Structures are given as structure tokens and as C-alpha cells.
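Working notes, structure below.
The values are calculated or read from the model by the stated rules, or taken from the named source; none is laboratory data. Everything numeric in this text was worked out from a predicted model, so none of it was measured. Using ideal geometry, Cβ is built from the backbone for each residue, glycine included, and neighbour counts are taken over all protein chains shown.
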Amino acid sequence: MSSTVSDLAPHAPKLLHNGTIHSTAEPYAEAMIVEDGQVAWLGSDETAERMRNERLEVQDLNRGLVAPGFVGMVGLELGQLSAGAVAEVLDVAAHELGYSGVRLRVDLASDDINAENAAATAQRLTETLSAAAGHPVEVWPTVHLHDVEADGGAPSIAPVNHLLDMLESLDALGRETAVQFTIGEILPNLLGVRSWCAEAGRQLLLECSATEASVVVDAITTSQKHLRELKQSPSPITPTVLVGFDTAERGHWEQLLNTGVHVLLTTPGHLATALSVGVPTAAAPPEGENPWQLVAAHVHHSSDPVSVRAGFNAQTRGAFRSLPDSRPMAGQLNPGTEATYAVWEVEQLSVQTPHSTVSAWSTDQRARTPLLPYLDGETLPQLVSTVIQGR
């Protein structure tokens, strides 16, 4: 049974020790104190032993890793929408995959929002997103509208306007709902769709995996130029996200730079090139997959490998940055941040760089590089528990 954060009794301050805490502020922390839902202290086991007292609940990490929770994507179709279904999906995300935040995508067809069906669809969305808003896992809702038949004329994208109107009634639930389209379906009217979403203040996601990278890049750069001329560029707090976009061509990434878009990789992609160019890039694995699997795939990418740290950040800090209104310190464990994390059972910890079969175990405090699991491409960390806001 799922419980909301407000349903849970306040926890006593907790001391976690005998492990590794992944923190950019204290890269060699072995222990952590959590109090009032926040990270109160990070440091060594030796210091933690001196701080022990009877008011602290003590947890032995058994040499495990404490790291910020991952951000994933989960999807539901209209026929699956219910409070119970969304609670089950989010429970799996937390209890089995180590997610502390998810993009919750609801897939709708154009017929689901026509005059005959719009009211019933809105009601099901309201019930489902209300349940999601009360779940401990942080949820960013998205509605993906399919079967849009844009032909370059405004009437052909009327369903987009109908969707934006319908979503206004859902905003009272808390977080504004983003909208998603398959870019190939709206390509002739991309400027209009981007303009409407920017005017509505809604984040726009574009599913790009089935469209050639050159076509996507040309469409984005052209539409962005016109949006700037019209002074209708999307706000930086709601960046346009290219879902599933990838390309081996460095020039394509360079063209996307400074267009205001973020990229969300959904399969092993050219993360190293994207990051070297400076395009904000996140990643999210297929539903139900251990998120470390995609980190490992990026580390062992045949042509564009990255460090474990870069692959991990793409699914934590980078993922949070692509979300609307994300908190500046989200996806980090430092004193004063939310105590939202996952505990993992790991075999080895290291500083693993691209192409390295032998990793560097740095004991030089000046390196200031927090350790992460050594990923050999076969063995993955196993989840022990997920903690959200200290609970």
C-alpha cells in the first residue's frame, strides 16, 4: 500500500555509517546524519562514532553506496488511468529501481480529447494525477498526444489547442502538466506548436527517435530563429526537450547549442559528444530496467564512451535540470539539501574513466572526486532501499 509523505510519522534523526556517501561537497564521506528530511551532516566514520547519542537512530550501511535517487520515465495509456494504477507504477519506481522522481507520461489519441470524450478524459486524468501528486515519489506529469495530422494549416493542429485548454483544469493539482508530441506528426506546424506551448507556459517534449537527426536539427534551428524574432522563445525554466534524439554527427550537436533545447537520451547514445559541445543532455532507461544498466551502456559505448560519473549525472542532476521548475540542488547530497537518496549494494567503488579496464582508486583528498560503482558491463548495483525526504 502506498502512503503519502504527509501520512508518515516524523522520523527520529538518523545516522548512516559504514558506507560511502556520494556527495560533491564531501567526496570521501562515509557517514551521514539525516534530520527533518534534510542532510544535516556528512563526514567520516571516526567522527560519526564520536557523534553517536541515544536520540540518533543508527543504520549500518554494510559498505553500501548512498547516492542521489535517479529520475526515470514511466507511461500509462488512457485505459490504464486510475489512482491505484499510478500508485503501483510509482511504488515499483521507488522500491525496485531507485527512482526518487519520474516523468509520468500519459498517452492519449486525438479522439480522446474531442468534444465527445474530453470531459471523461479530463476526469480520469484528474483522478490519476491527484493520486500521483500525493505519492512520495516526485512526479512531473506529461500528456503525449498521438495521431495529430499536421499539414501546415492551423486547423490541422486544432487538437493541440484543445489539449492545452483541457490541461488548464489540471493545474490546480500542483505541478503544471507538460505536453509531448511525435515530431514527425507536427513537423509542418512545429513553429505554431512551439509558439502555443511557450505562450501557455507549458514544457514541450518532442519524441524524435523515429525522425532523422538532420531533419530534427533543421526544424529546431529554423523554428527557434522565428520564435526569437517573434519574442516567443520558451522560458529557460521550461526548456523544449528532444526525447530520444541522438546523432553521431558533432555538427548536429553544435547546431543545437544555444537553441534552448535539452536532449533526453532513451537508449545508449552519443552522450560524450553532446556534453563536450555543451548541449544540456539527460538520460532515462526503458521502463523496468535497472538504471545502472544505461549508465554502464554509456560507459562502454563502442564509439562515444563517458566516465561513470558523466553517465550517472545524466540520469540524476542532468535529468533534474531538464524538468520544469527543478530545484537548483536537486539530485545532490550535500549539507542542507533534501535527504532523498537510494542505498545500493555494490561490489567495487572507483573513479572509472572511458575506455579504462583498470579504474583509478584515488586516495588524494585534493582530487575531490566522489566514488561510484565500478561497472564492468555485466554486474550491476542492487537496490537496498529508497529514501525520499528522509522517509
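Details
- Lone unmet requirement of (1) closer than 26 Å to residue 99 by Cβ; (2) modelled with pLDDT under 95 for residue 260: (1)
- Flag if residue 259 is assigned to a helix (DSSP H, G or I), surrounded by fewer than 23 Cβ atoms within 10 Å (Cβ to Cβ), hydroxyl-bearing (Ser, Thr, Tyr) and in the same structural domain as residue 192 (by TED's automatic domain parsing): no
- Restricting attention to region 122-141, the residues that are over 15 Å from residue 388 (Cβ atoms), touching a strand residue (DSSP E or B) at 6+ places or on another chain (Cβ under 8 Å) and either of a type outside the set (A, V, I, L, M, F, W, C) or assigned to a loop (DSSP other than H, G, I, E, B) (or both) add up to 2.
- Members of region 122-148 found to be buried (at least 21 other Cβ atoms within 10 Å of the Cβ) and among the β-branched types (Val, Ile, Thr), listed by number: 128, 137, 139, 142, 143
- Some residue of region 296-303 being of a type in the set (Val, Ile, Thr), in contact with a Ser or Thr (Cβ under 8 Å, 6 or more places away or on another chain) and modelled with pLDDT of 95 or more: yes
- For beta carbons closer than 7 Å, sequence separation of 6+ or different chains, a first residue in region 165-189 that is in the same structural domain as residue 119 (by TED's automatic domain parsing) and in a loop (DSSP other than H, G, I, E, B) and a second that is crowded, with 19+ Cβ neighbours inside 10 Å and among the hydroxyl-bearing types (Ser, Thr, Tyr), the qualifying pairs are 177/142.
- Test: residue 281 is under 17 Å from residue 73 (Cα atoms) and of a type in the set (S, T, N, Q): yes
- Residue count for region 247-279 under the criterion of being touching a helix residue (DSSP H, G or I) at 6+ places or on another chain (Cβ under 6 Å), within 23 Å of residue 291 (Cβ to Cβ) and of a type in the set (Ser, Thr, Tyr): the result is 1.
- The listed residue being of a type in the set (Ser, Thr, Tyr), assigned by TED's automatic domain parsing to the domain that holds residue 103 and within 24 Å of residue 376 (Cβ to Cβ), out of 307, 276: 307
- Of all the listed residues (262, 301, 270), the sole one being under 17 Å from residue 213 (Cβ atoms) and within 16 Å of the chain's Cα centre (by Cα) is 262.
- Scan of region 190-216 for residues that are aliphatic (A, V, I, L, M), surrounded by fewer than 23 Cβ atoms within 10 Å (Cβ to Cβ) and farther than 19 Å from residue 230 by Cβ, ordered by number: 210, 213, 215
- Among the residues listed as 127, 49, the single one being in contact (Cβ under 8 Å) with a residue 24 or more places away in the chain and in the same structural domain as residue 286 (by TED's automatic domain parsing): 127
- Qualifying residue in region 90-109 (condition: in contact (Cβ under 8 Å) with a residue 40 or more places away in the chain, aromatic (Phe, Trp, Tyr) and over 24 Å from residue 380 (Cα atoms)): no
- Among the candidates 240, 221, the residue that is surrounded by fewer than 21 Cβ atoms within 10 Å (Cβ to Cβ), under 26 Å from residue 144 (Cα atoms) and of a type outside the set (Lys, Arg) is uniquely 221.
- On inspection, residue 151 qualifies as under 23 Å from residue 216 (Cα atoms) and surrounded by fewer than 17 Cβ atoms within 10 Å (Cβ to Cβ).
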